Amino acid sequence: MLAVTEAPAELQALVAALGESGLALEISRDRPGVLSRDALHRHGVLLLDDRLTGSTPLALVRSIREHSDIAIVVVTASDSEDAVVDLLEAGADQCMTRPVRVRELVARIRAAARRVSAPPAEPAAIQIDDLRLDPSGHIVTVRGRNVELTVKEFDLLHLLVGNAGQTLTRRLLIDRLWRGEPTEGKTLDVYISRIRAKIEDDPSHPTRIVTARKVGYRYQPPPTE
């Protein structure tokens, strides 16, 4: 892990405690270098000291989160609840108020390290009546028949099926699927038509993906008996 601080001497007890826990600590004052994308990639956990000059820890956390998923632990002198909440909402994994209790800080660092080292959870398959969508295998079946979808078609159907019964606005669908790319509303309609042609019994009278006029689309579950 990496610690960025203006008071490295204070971390000697932490260095010893982390060593006993099997974690190595690299200490640096050189923020412009150590907080680069490449440098952060070499570490699993970043410990930030709020006494750094030139930038606030909140601004640093926000900046780091733009390009890195590294676990971030912030040590701060502030006992303000709002300040701690702002840091956590900006992307910090843990916040601890000075004076630091070494054993607690080690526990918080280890908890943050577990977050970045844990394997990603397998997304659960979704079954609605005779349609099954399996994100892990990128597989869709209708009545046991495989349906071939492009990546974008699959992502659009997954979004609709994952929110079955809810109308998703055109703007939400476009923003989630094209992520700011310049896209016309007609493009969304074309993808909806393609999916309907593959999963609907009668694409001209769809019962699965229904249109909410002037609003958006929803995946309509069959009525319960």
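So the values come out like this:
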{"quantity": "Filtered residues of the stretch 87-96 (kept if among the charged types (D, E, K, R) and either buried (at least 17 other Cβ atoms within 10 Å of the Cβ) or more than 22 Å from the chain's Cα centre (by Cα) (or both))", "calculated": "D93"}
{"quantity": "Search result, residues across the stretch 19-57 that are modelled with pLDDT under 70, closer than 21 Å to G91 by Cβ and among the basic types (K, R)", "calculated": "R31, R37"}
{"quantity": "Filter pass, L87 being outside any helix (DSSP H, G or I) and either within 16 Å of A113 (Cβ to Cβ) or at pLDDT 85 or above (or both)", "calculated": "no"}
{"quantity": "Residue ID - surrounded by the most Cβ atoms within 10 Å (Cβ to Cβ), chosen from residues in the stretch 103-152 that are more than 30 Å from D201 (Cβ to Cβ) and small (G, A, S)", "calculated": "A112"}
{"quantity": "Test for P206: is it surrounded by 13 or more Cβ atoms within 10 Å (Cβ to Cβ) and either of a type in the set (A, V, I, L, M) or not in a strand (DSSP E or B) (or both)", "calculated": "yes"}
{"quantity": "Strands (runs of 3 or more DSSP E) contained entirely in the stretch 100-203, each with at least 2 residues that are without any contact (Cβ under 8 Å) to a residue 40 or more places away in the chain and not basic (K, R)", "calculated": "126-128, 131-134, 139-142"}
{"quantity": "Search result, residues across the stretch 36-76 that are under 18 Å from I109 (Cα atoms) and loosely packed, with under 14 Cβ neighbours inside 10 Å", "calculated": "H41, R42, D69"}
{"quantity": "Residue in the stretch 66-76 that is under 30 Å from I199 (Cβ atoms) and in contact with a Leu (Cβ under 8 Å, 6 or more places away or on another chain) present", "calculated": "no"}
{"quantity": "L172 being surrounded by 17 or more Cβ atoms within 10 Å (Cβ to Cβ) and assigned by TED's automatic domain parsing to the domain that holds K214", "calculated": "no"}
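The values are calculated or read from the model by the stated rules, or taken from the named source; none is laboratory data. Bear in mind that the values here come from a model prediction, so they are computed numbers and not experimental data. Virtual Cβ from ideal backbone geometry, glycine too; neighbours counted across all protein chains shown.
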